[in-house]
Every structure is written in C-alpha cells, then in structure tokens.
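Right, one structure below, let's go through it.
The values are calculated or read from the model by the stated rules, or taken from the named source; none is laboratory data. Keep in mind that this is a model prediction, so the values were computed, not measured. Positions of Cβ are generated from backbone atoms using ideal geometry, with glycine treated the same way; all protein chains shown enter the neighbour counts. With ligands, DNA and RNA removed, areas are computed over all heavy atoms of the protein, side chains included. Shrake-Rupley method; radii C 1.70, N 1.55, O 1.52, S 1.80 Å.
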Amino acid sequence: EALERASALLLESERSLNFVQSFTGQWLGTRVLKDIMPDPRLLKFFDPDRQAMIAETELFFEEMLRKNHPLTEFIDPDFSYRNANLNKIYGGELEGREMQRVSFERGGKHGGVLGLASVMMATANGVDTQPILRGVWLLENVLGAPTPPPPGNIPAIAPDTSGARSMRDQLNAHRADASCARCHNRIDPLGMALENFDPVGRWRDHYPVYTKPKDGVDTLKEEFYANNDTATRRGPAIDAAGQLPDGTRLESVTDLKRYLIDNMDLFTKCLTEKLLVYATGRPLSFGDRRVVDQIVHQMDPEQHGLRDLIIAMVKSESFRTK
C-alpha cells in the first residue's frame, strides 16, 4: 500500500515529465525526428514544426497519465494538442505557437498513436513513406509481435519517385520471394493501412511524383499540394486496402483502429512489455513475461488507464526485485 501511494505521488509530480519525454522518445520514436528533414518539394518544414510534433506526442501521453484515461484512448481518443505550426499537417486555423488542447470525433483518421504526425515522420524517410518500416513498427510497438530480421541477401525497397510503379506493385514483387512472403503477409497490410499518411503525417489520396529542378535551381521550394509549379505532379491514387493473416479486411487506418479496439489485449500486453523493459532496463525474461500476462489479466482497457498499468507494474515481482 505504501509503494502504491508513493508511486501515485511521483506520477502526479513534475518529475514524471522526465519519464514522459524519455519513454515517448523510446516507444514512439520522437528522438529520431531530429535526424529527418522532409523533402522541400513536399512542404516547407522548419524546426518549430518538428518541436510542435514532439510536443503534441508528449502532451497527449502526459494527459493519458495525468487523467488516467482508459487504455483504449491510446488508439481512438477524442483529443490531442496542437498549435498553428501543425495546421499545415492536420488542417485547421489555430493561432499562435502555444500548444492547445483540441477535440474531435472518435473514429476518425487522426488521433491516437496511429494518427500522430511524429510517428508517421519517424517511420518514413523524409522523401516518401515506407510501408514495410511502418508495418514492422506496428508489429513491434503496438501489436507486440516483432518480426525476425530479413535475410541478408534481400534488397530493400526504395520509393519509386518517378511514379512508374505503385508501392503496392513493389511490395507484391518483393513478396513473390517465398522467403519474404511469410513475414510480409503480416507486415504489408499493416503498413499499407497507414499509406494515406505522407512522410510528415498529412492525409493524402495520391502519391507525389517528383520532377527535376529547373535549370540553374539547386533546391526546390515548392509545396506539392500547391500544384503551382513543375516540382511535383499528382501520381497514382493510393490503395491502402489489405487483409491480415486472420482474414480481417482493412481499407484504411480507421479499420485498423477498430481492429485494435476489438483486440485491446494485444496492445495492452505490448505496452506493458515496453513499460517493463523501460522500468527494469533489461530485456524481458521468461519470468517477466509471466508477470506481464498477470498484469494484462488484471487490466480492463475500457476501465483501467495508464496510471493503473504503471502502478501494477511497479508492484510486480519483476520491478520490485530488479
């Protein structure tokens, strides 16, 4: 009881902000954003835009912790935090650089860990999306089902910015190799479900096709969606549909959200594992996995929240004997 009280006090204190920043950087990948610069043909992107993406992620997670929202809110919330810099990502007419809490309807394309611009940017390369990387990220960080590393002799898929082949065509060709198909049947439908999000998290219905700079121009500054120059043109329409190995059909990210809400034990277990690895500073042992199963069994994702989950982990044998 004393341990539970002390944990609750710490989670309510300002010291918890260090945990929020560090854990979201590790789990949701915000720490890698500093190394990614979007192609200027896609949009004009500046450091305050990057900082706003990170702030949105941390403030969303911080409210999940502070208000102990149900764990389902990680997947399909009705709120986030944004400022004027993020209008270029999500739309809207917010003013000022101060982060503001915004509300929206559940069930939409944005919101939650599957709709954060920071996550979409961290799982892309700045030029275009990488469905394989996003699919692997989802398996590792949301579904808790990591894939083995690919065979060393299999080349990576690079985005075809000429528009000659769609991403789906490239994935189908890649998956034709029997040694690739087993894992890619799990990876590709998840990655493609997020394909409407461009490299910085904007919603798009078509791929951009990049053209060469004008003579004497080294750097292109035009934005793709302005369509007012020859820097880019509208490419093939995006087909985000796919089928999971269990037969579930996904047409877009909203279907993926519904799938996760219906299978919240998968997400709850994955998040518990991530928290326990962070808290103990080591990979999970067989005994730790038993503890994770016990914690997940206690959690009702529609009733229990992030604070409940963390306190249950702190009280666990794995944490107390680390």
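In this structure, Phe45 does not qualify as at pLDDT 95 or above, buried (at least 19 other Cβ atoms within 10 Å of the Cβ) and not small (Gly, Ala, Ser).
In segment 252-322, counting only helices (runs of 4 or more DSSP H) that sit wholly within it, the ones holding 1 or more residues that are over 17 Å from Asn68 (Cα atoms) span 253-262, 264-280, 286-298, 317-320. Filtering segment 1-41 down to residues that are assigned to a loop (DSSP other than H, G, I, E, B) and touching a Gly at 6+ places or on another chain (Cβ under 8 Å), which residue is modelled with the lowest pLDDT? The extreme case among them is Asp39. The single condition from (1) touching a helix residue (DSSP H, G or I) at 6+ places or on another chain (Cβ under 8 Å); (2) assigned to a helix (DSSP H, G or I); (3) more than 23 Å from Gln303 (Cβ to Cβ) that Met64 fails is (3). All of Ile89, Ile132, Ile54 fail the test of being touching a helix residue (DSSP H, G or I) at 6+ places or on another chain (Cβ under 7 Å), open to solvent by less than 50 Å² (accessible area, probe 1.4 Å), at pLDDT below 95 and assigned to a helix (DSSP H, G or I), apart from Ile132. Residue pairs whose Cβ atoms lie under 7 Å apart, separated by 6 or more positions or on different chains, with the first residue in segment 119-146 and closer than 13 Å to Gly29 by Cβ and the second part of a helix (DSSP H, G or I) and of a type in the set (Gly, Ala, Ser), are Arg134/Gly191. When the residues of segment 248-304 are filtered to those that are open to solvent by 60 Å² or more (accessible area, probe 1.4 Å) and touching a Lys or Arg at 6+ places or on another chain (Cβ under 9 Å), the one that is modelled with the highest pLDDT is Asp293. Before we move on, is Gly115 in contact with a strand residue (DSSP E or B) (Cβ under 7 Å, 6 or more places away or on another chain), part of a loop (DSSP other than H, G, I, E, B) and open to solvent by less than 20 Å² (accessible area, probe 1.4 Å)? In short, no.
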